[in-house]
Every structure is written in structure tokens, then in C-alpha cells.
Amino acid sequence: MKSVAEGVFGGSLPWPIMITGMGIAVLIIIADQILAARGAEFRMPVLAVAVGLYLPFALDTAILLGGLLAYGVYRYQQAQKPDAASEAHERKVQASNRGGLLFASGLITGEALIGIVLAIPIAITGNNAVLHLLADPIGSWPGVLLLALIGFWLYRTGQKAFQRTA
């Protein structure tokens, strides 16, 4: 993103890379339209692919985990589906999607706010390792456990929204 901004304002945009990216995007859009015409459940949204290409791997991993959670909720919903497709079942799926999306949006907002709160001691002390003391005695296991619990909580939020809707 930095190179795009500098290229636009400085006149040194890396055109071969830009044209390659545009070509890949066009191919993904065509593939997605073919999948849509065939009525496939799997789709290839170009924005998701683009985000996956330019975001750092640590963020891509979080997006992958979120996608796996969404797939788990979807599998649960399909197991609850009546033999004949019903409008009530579709309303339940939509309610589940809204509940999960709202929960995930809250997590993103909370992460941003925590980042600001954690920046305060760093700004006050001028030392970016001021919070390092908290990590040494216990390591990263509490964070891994907390991530697993939040993932389970997100999964249950989707399931409960699905079960509550009539």
C-alpha cells in the first residue's frame, strides 16, 4: 500500500506489478462468475483474495481461523436443516450470520481499543518494551488459551443465534 501511495503521488507507480494484479483480479472475477452461474456453494470473491495477498501473514492467519469458524457454524446449520429447504431455516442462517458478524466486528473494535490502551504506557515511558515484563514469567500460553476460548465463544454465538430464530 505504501508503494502504491508513493507511486501515485510520486509518479513512479510499478506498472508491471499493477497490471499483473489487475489481470489476476479479472481472472478471479471471471472464475467467480462461472461458479455463480453453476450455482456452486464455493465462491471466489476478489476482495477476499486481494486482502489475503497484501495483508501480513499474521493477519491472514486470523482471517483463516475466522473462516474456519464460519465453516464450522455452517456445517452445524446444515446438520440442523430439515429435509425440505424451508424459509424458516434460511432466516435462522441469516440470523446466525448477523450475530457472528456483529460479534467479530466487536472483537476487531476491541482489539483496536486495546492497542490504544497498551500504547499509553509505551508513550509515557518512551520504552517499547515496557510491557515485556508481563510475558517473561508465563509465556504465550495464556494468549493461546484466550484465543481458543474466544473462538469457541464466537462459534457458540453463531449457534445460539441460529437456534433462537424461529
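The values are calculated or read from the model by the stated rules, or taken from the named source; none is laboratory data. Please read these numbers as outputs of a predicted model, since none were measured by experiment. Virtual Cβ from ideal backbone geometry, glycine too; neighbours counted across all protein chains shown.
In region 4-16, how many residues are more than 17 Å from Val51 (Cβ to Cβ) and within 26 Å of the chain's Cα centre (by Cα)? Show your work before the answer.
Our first condition is that a residue be more than 17 Å from Val51 (Cβ to Cβ); within region 4-16, this holds for 5-16.
Now drop any that are not within 26 Å of the chain's Cα centre (by Cα), which leaves 5.
So the count comes out to 1.
Assuming Ala79 fulfils every condition listed in (1) farther than 24 Å from Ala112 by Cβ; (2) in the same structural domain as Lys160 (by TED's automatic domain parsing); (3) of a type in the set (A, V, I, L, M, F, W, C); (4) surrounded by 14 or more Cβ atoms within 10 Å (Cβ to Cβ) apart from one, which condition is it?
(4)
Taking Ala129, is it under 28 Å from Leu146 (Cα atoms), assigned by TED's automatic domain parsing to the domain that holds Trp153 and not in a loop (DSSP other than H, G, I, E, B)?
no
Identify, please: which residue in region 56-76 is surrounded by fewer than 11 Cβ atoms within 10 Å (Cβ to Cβ) and aromatic (Phe, Trp, Tyr) and is, among those, farthest from Thr165 (Cα to Cα)?
The extreme case among them is Phe57.
Please determine, by comparing only the residues of region 24-61 that are of a type in the set (Gly, Ala, Ser) and touching a helix residue (DSSP H, G or I) at 6+ places or on another chain (Cβ under 9 Å), which one is farthest from His89 (Cα to Cα). Quick ask: steps written out before the conclusion?
Step one: of region 24-61, the residues of a type in the set (Gly, Ala, Ser) are 25, 31, 36-37, 39-40, 48, 50, 52, 58.
Still in the list and also touching a helix residue (DSSP H, G or I) at 6+ places or on another chain (Cβ under 9 Å): 25, 40, 48, 50, 52.
Working: Ala25: 34, Ala40: 19, Ala48: 27, Ala50: 32, Gly52: 32 Å.
Here the residue is Ala25.
Is there any pair with a first residue in region 139-156 that is of a type in the set (Ser, Thr, Tyr) and a second that is surrounded by 11 or more Cβ atoms within 10 Å (Cβ to Cβ) and part of a helix (DSSP H, G or I) whose Cβ atoms are under 7 Å apart and which are 6 or more apart or on different chains, and what are they?
Close Cβ pairs (under 7 Å, with a partner that is surrounded by 11 or more Cβ atoms within 10 Å (Cβ to Cβ) and part of a helix (DSSP H, G or I)) amount to Tyr155/Leu69; Tyr155/Gly72; Tyr155/Val73.
Can you spot a residue in region 36-49 that is among the charged types (D, E, K, R), modelled with pLDDT of 80 or more, surrounded by 12 or more Cβ atoms within 10 Å (Cβ to Cβ) and under 22 Å from the mean Cα position of the chain (by Cα)?
Within region 36-49 (the criterion being among the charged types (D, E, K, R), modelled with pLDDT of 80 or more, surrounded by 12 or more Cβ atoms within 10 Å (Cβ to Cβ) and under 22 Å from the mean Cα position of the chain (by Cα)), the answer is no, since none of the residues qualifies.
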